[in-house]
Amino acid sequence: MLYSDKVMDHFANPRNVGEIEDADGIGEVGNAKCGDIMKMYIKVDGGVITDVKFKTFGCGAAVATSSIATEMIKGKTIDDALKVTNKAVVEALEGLPPQKLHCSVLAEQAMKSALSDYYRRQGIDPVPIVGEIGDCEDCH
Ligand code: FES
């Protein structure tokens, strides 16, 4: 399987790994088929995501997509962060093998799940929709 240099870089040196103890939103998503789990923590100030951290127990592509996803939403407004799709994550990583595309879906859902949690804590309704996770038959 061929990974881009960018994927290898984010897998070998993932950015923003860890957790935020006093997070304003925490998202956790998992793919039932491959068993990979992604947890994302956000800090929000004045509608802007000031800090993001993640923990991913999963494949290399899941680590790389969560790493770059945290870079993509840090410093963004919530509205702009909600527009970051798994497609944008894949483009930022200069592509993923087809059988690893679902890992990027997990990253998008982890972000949305953290933002949903933030909305919930603020009493804002409706929360962003967390969609279906892609099929994971070709995992590992
Ligand atoms: Fe990467 Fe399933 S999330 S193998």
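Listing for the model above:
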| quantity | calculated |
| --- | --- |
| So Asp5, is it modelled with pLDDT of 95 or more and farther than 15 Å from Lys112 by Cα | yes |
| Candidate set from the stretch 34-54 (those that are surrounded by fewer than 17 Cβ atoms within 10 Å (Cβ to Cβ) and within 16 Å of the ligand (Cβ to nearest atom)); member that is farthest from Val105 (Cα to Cα) | Gly35 |
| Residues (part of a helix (DSSP H, G or I), among the aliphatic types (A, V, I, L, M) and near the ligand (Cβ under 10 Å from one of its atoms)) located in the stretch 90-111 | Leu101, Val105, Leu106, Ala107 |
| Filtered residue count, the stretch 15-33, keeping only those that are surrounded by 20 or more Cβ atoms within 10 Å (Cβ to Cβ), part of a loop (DSSP other than H, G, I, E, B) and within 16 Å of the ligand (Cβ to nearest atom) | 1 |
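The values are calculated or read from the model by the stated rules, or taken from the named source; none is laboratory data. The model shown is predicted, which means the values in this text are computed figures rather than measured ones. Ideal geometry is used to build each Cβ from the backbone, glycine not excepted, and the neighbour counts take in all protein chains shown.
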